[in-house]
Amino acid sequence: MSATPEPLRVALALAAAGVPVLPLRGKVPFGNCRSCKDGACGGRPNMKAAGPCLCPAPCHAWAAATTDAHALTSPVWAPVWREAVAVAYHPGGAGLTVVDLDNAAAVAWARETLPATRTVPTTRGEHWLYRGAMASSNAVRPGVDIKSLTQYARWLGAGTGGMAVLPAAVRAMVVKEETTPAPGEVASSLPARATWDRSVATGCRHTERYVRTGLERGLALVRARTESGAGSQAFGVARFLAAQHTGCPGPCGLAVLGDAIVAVAVSVGVPETYARRAVANGLEAAVERAA
Ligand SMILES: [Zn+2]
Ligand SMILES: [Zn+2]
Ligand SMILES: [Zn+2]
């Protein structure tokens, strides 16, 4: 019997605490096996573009992260653990968000801006851990990445401090407003609005009235944000509306709902490219949360 490799020992302890884990070689996950190479398998069911892959090996980076001790100690994972030098975890899968602060300047910014929470020292900066998951995004500002859903983070120890609830300030960073449109530019660039009806939502289990009422309420929220924050509101409304359909067989015409939100966001001054991204992120966040 050979001794349990240290990374595997750490991984099993985390998995037992409900944190999905995966092995790292150096700073990155191991490559996919031959049948998963270049996405030949179609990808895992939990990935953004869901595929049928049930490969037992730790393929597909964060998507392989698991809390299943049987998988972690299986013969397929054994050779990988022998070569692993570190452990990563899937923050979103554990219901967490890691604000990854790469350097001293980023840490200083966080101390001024974000609520105190559990912190873990990294090579040149810190990880700040919050309770609650969200869409991930790199470089939300200089030296700051947000790692949660569809991302892995290196495990560098439990850190210190009590964990705070994910603040709106962090959620808003992924859809931060970047530019203010010049006055007069808005009306001419209103995107066309399609209407949501049964023809675009053949697989929706909700009544037309339910969907329309939800949409109108959401649009009113965005419309009310004439001063600022309409982009973030658009993200929130898109996520809320999409979440109503995670139990539907689909299609539910979510793209049409999204277009309606974009149109209203643009009408209150959000640049269209930004509005589109915020809404796309919102629709996606709901799907990821349900996965
Ligand atoms: Zn594979
Ligand atoms: Zn695969
Ligand atoms: Zn639906």
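The values are calculated or read from the model by the stated rules, or taken from the named source; none is laboratory data. Because the structure is a prediction, the values reported are computed rather than measured. Note that we place each Cβ from the backbone using ideal geometry, even for glycine, and neighbour counts take in every protein chain shown. Note: accessible area is taken over every heavy atom of the protein model, side chains too, but ligands, DNA and RNA are not part of it. Shrake-Rupley method; radii C 1.70, N 1.55, O 1.52, S 1.80 Å.
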Counted charge near residue 128, where neighbours are those whose Cβ lies closer than 10 Å (Asp, Glu -1; Lys, Arg +1) | 0
Regression test value, accessible area per residue of the chain, probe 1.4 Å, units Å², expected 50 Å²
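Could you tell me how many cubic angstrom of Cα convex hull volume region 212-280 has per residue?
66 Å³
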For the chain, with the dipole built from +1 on Lys and Arg beta-carbon atoms and -1 on Asp and Glu ones, taken about the Cα centre, which of 201, 125, 282 lies farthest toward the positive end?
-> 201
Over all alpha-carbon pairs of region 102-176, lay out the pair-distance distribution in 5 Å bins, whole %, shortest bin first.
-> 3, 15, 27, 33, 19, 2, 0
Near residue 99, within a Cβ-to-Cβ distance under 10 Å, what is the net charge of the other residues, with Lys and Arg +1 and Asp and Glu -1?
-> -2
Principal-axis tilt of helix 272-290 within the chain, Cα atoms, nearest 10 degrees = 50 degrees
With each pseudo-label sitting 7 Å past Cα toward Cβ, what's the residue 224-residue 78 distance in nm, one decimal?
-> 6.1 nm
Alpha-carbon gyration tensor eigenvalues x 5, square-rooted, for the chain, Å = 38, 25, 15
For region 1-77, evaluate the Debye formula with one uniform point scatterer on each Cα (no solvent term) and list log10 I(q)/I(0) at q = 0.18, 0.23 Å⁻¹, rounded to two decimals.
-> -0.74, -1.12
Computed over the chain, the relative contact order (Cα-Cα under 8 Å, seq sep at least six) in percent reads 15 percent
Out of 154, 217, 239, any idea which swings most in a Gaussian network model of the chain, alpha carbons joined below 10 Å?
-> 217
